[in-house]
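K.L.:
Supplied in structure tokens, the structure appears directly below.
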Amino acid sequence: CEELVNSPRRWLVTGVAGFIGSALLERLLDLGQTVVGVDSFITGHKRNLDDVLAINPDERLQFTFIEGDLRDPAVATKAVKDVDIVLHQAALGSVPRSIKDPLASHQHNVDAFLNVMIAAKEANVGRVVYASSSSVYGDHPGLPKLEDKIGKPLSPYAVTKRVDEIYAQVFHDVYAMQVIGLRYFNVFGRRQDPEGQYAAVIPRWIANLVEGRPCVIFGDGSNTRDYVFVDDVV
């Protein structure tokens, strides 16, 4: 953090209106960085941006917002202009959503990712850090999980994230780009959306508890999940 304060950079945060993207925006602005954000508001919310920018209104001057869809290569090209580091958080999450509409997941998670990677390459961006997923581990039974031990993907969403990792490796090998993928495990935290068909379990359960409704557990009660707080992701 001290290094960033002493040597500020210009960052692109895609999916900046999502709860992970907005948490990154909040921290970067707090460290005196210049941030470009892009979002299509398909799953993100303007209220997340308003919440971040209300914390310290003076930091608004350090933030430029682009409303656009990264499935359009022109949006990606515009977003990466003069950027030092890309934090690519934009994606269409949810395994059930991908099963219902695999084409949309591919377009948002693979096509848009490739547009960002190509734009970053053309703009000579220093580093791309992108959101992968623990779903890449698939059906591999090993515990604890090891980065080089992955199994068969179990959903279209998992396939999209695995394809992103393959593209990232190729762009590193062929174009000498610095690319890092983070396999998130069920991130939770402030600004996470408790509404909608594909809401994550922790905000949904909290909303149920607040409203006096029961929390439903599917299965026989023996399933486990690993959760990570959004500040640790940041």
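The values are calculated or read from the model by the stated rules, or taken from the named source; none is laboratory data. None of the values given here were measured: they were computed from a predicted structure. Reconstructed Cβ throughout: ideal geometry from the backbone, glycine too, with neighbour counts over all protein chains shown. Surface areas here come from the heavy atoms of the whole protein model, side chains and all, with no ligands, DNA or RNA. Shrake-Rupley method; radii C 1.70, N 1.55, O 1.52, S 1.80 Å.
K.L.:
Only one of these is open to solvent by 30 Å² or more (accessible area, probe 1.4 Å) and hydroxyl-bearing (S, T, Y): Y184, Y130. Name it.
P.N.:
It is Y184.
K.L.:
What number of residues in segment 64-122 are assigned to a loop (DSSP other than H, G, I, E, B), of a type in the set (D, E) and without any contact (Cβ under 8 Å) to a residue 40 or more places away in the chain?
P.N.:
1
K.L.:
While we're on this one: Check V179, V234 and return the single one that is buried (at least 17 other Cβ atoms within 10 Å of the Cβ) and touching a residue at least 24 places away in the same chain (Cβ under 8 Å).
P.N.:
Only one candidate qualifies: V179.
K.L.:
From V216, V170, V174, V210, which residue is exposed (fewer than 12 other Cβ atoms within 10 Å of the Cβ), free of Cβ contacts under 8 Å to residues at least 24 places away in the same chain and closer than 26 Å to A119 by Cα?
P.N.:
Just one listed residue meets the conditions, V174.
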